[in-house]
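Notes follow once the structure below has been shown.
The values are calculated or read from the model by the stated rules, or taken from the named source; none is laboratory data. Not measured: the values here are computed from a predicted model. FYI the Cβ positions are ideal-geometry reconstructions off the backbone, even for glycines, and counts take in every protein chain you see.
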Amino acid sequence: MKKDYQISDCRVVEGCAAQYQITVYINPDKEEKRYLIEEMKVDEHTLSSALDPDELSRLEFEPNHIALIFKRPQNYSGKDQFLFKVGSTGVFLFKDRLVVVLSDDVPLFDGKQFSKVLSLNDLLLKLIYRSVNHFIEHLRIINMTVEELEAKSLQAIENKHLLNIFSLEKSLVYYFNAISSNGVLIEKLKNNAAKIGFTAEEMENLDDLIIENNQCTRQAEIYSSIFAELMDARTGIISNNLNIIMKTLTIITIIIMVPTFVVSAFSMNVKMPFNPQHPFTFWFIVSLATLSVLTIIMIWRYKRW
């Protein structure tokens with residue numbers, strides 16, 4: 001699918017075929033790929049990398065354009081089972097045109113950072129900046145979700161909550177690698193700023209972008225380290241809770257078995273030491289069974305089991 005945009009009054013709006021400066025290809029079909037490769041002279045491997053979620057961020061200079069691949073978080077859905085995924089976006093910067101290629105339809109130009117777009121170079125930096133902010137938002141969501149699952153896992157015996165936490169930790173590893181890869185790309189943009197043609201204002205925005213991505217990288221690293229170190233502690237607490245439950249069930253079983261044994265002993269077809277026809281025989285057996293239960297309970301409390 002293809003969408004055309006243009007910069008009007010410092011904003012990105014949908015444009016007509018004669019005026020568009022920005023073209024977005026969403027999961028391009030064979031015909032659109034052929035046009036990009038043959039007419040726009042986009043490298044076929046680079047185009048495939050823009051649709052590959054496992055591709056690393058990179059910067060390449062072609063004869064008639066600049067090609068960038070950067071990482072972005074994919075939108076989360078319930079079917080992902082607490083696994084946050086990472087996607088790739090390809091940006092091809094020509095002299096008077098910007099081409100964006102991505103695998104799924106996501107809102108690209110929403111948010112306050114797109115309220116003032118001065119040039120295609122500026123738009124390129126804002127796209128990367130939006131991806132960094134998107135990572136930061138997801139990291140906050142992951143942190144809150146892990147805290148909620150952690151509270152549930154300490155009280156539950158089943159593995160569901162633990163498996164969800166493992167999925168979130170796996171997501172953090174992917175996010176950390178993706179954010180670090182974006183950091184390398186941003187540094188390359190700064191080193192080649194003169195070659196790309198960034199203005200002084202765009203260089204300031206690029207410096208802000210570097211700071212923001214470094215903070216995002218540090219945040220992902222801290223979360224990943226904390227969750228990994230606390231997982232052993234969570235597992236130990238859950239095992240201890242299970243041991244406490246098993247001990248309690250064992251004590252309850254003993255409490256039930258002792259009076260059962262007393263009653264069963266007097267129910268055997270053997271000679272009893274007193275007259276079984278006596279009116280207080282039944283109450284004597286019941287009292288003896290009750291006394292045995294009280295004795296076990298007193299021993300339990302005395303031993304602080």
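Descriptive notes on the structure:
- Check on residue 36, of a type in the set (A, V, I, L, M), touching a Leu at 6+ places or on another chain (Cβ under 8 Å) and crowded, with 17+ Cβ neighbours inside 10 Å: yes
- Of everything listed in (1) within 20 Å of residue 224 (Cα to Cα); (2) small (Gly, Ala, Ser); (3) at pLDDT below 90, the single unmet condition for residue 131 is (3).
- Taking the criterion of being more than 22 Å from residue 142 (Cα to Cα) and touching a helix residue (DSSP H, G or I) at 6+ places or on another chain (Cβ under 7 Å), the residues of the range 199-220 that qualify are 202, 203, 205, 206, 209, 210.
- Just so you know, in the range 161-188 the residues that are more than 30 Å from residue 128 (Cβ to Cβ) and at pLDDT 75 or above include one that is farthest from the chain's Cα centre (by Cα), and it is 163.
- For the range 170-212, a residue qualifies if it is in contact with a Phe, Trp or Tyr (Cβ under 6 Å, 6 or more places away or on another chain) and either surrounded by fewer than 14 Cβ atoms within 10 Å (Cβ to Cβ) or among the small types (Gly, Ala, Ser) (or both), and exactly one does: 171.
- All positions within the range 52-71 that are in contact with a strand residue (DSSP E or B) (Cβ under 7 Å, 6 or more places away or on another chain) and either farther than 22 Å from residue 95 by Cβ or not assigned by TED's automatic domain parsing to the domain that holds residue 126 (or both): 52, 53, 55, 57, 71
- When residues of the range 262-305 are limited to those that are over 21 Å from residue 252 (Cβ atoms) and β-branched (Val, Ile, Thr), the one modelled with the highest pLDDT: 285
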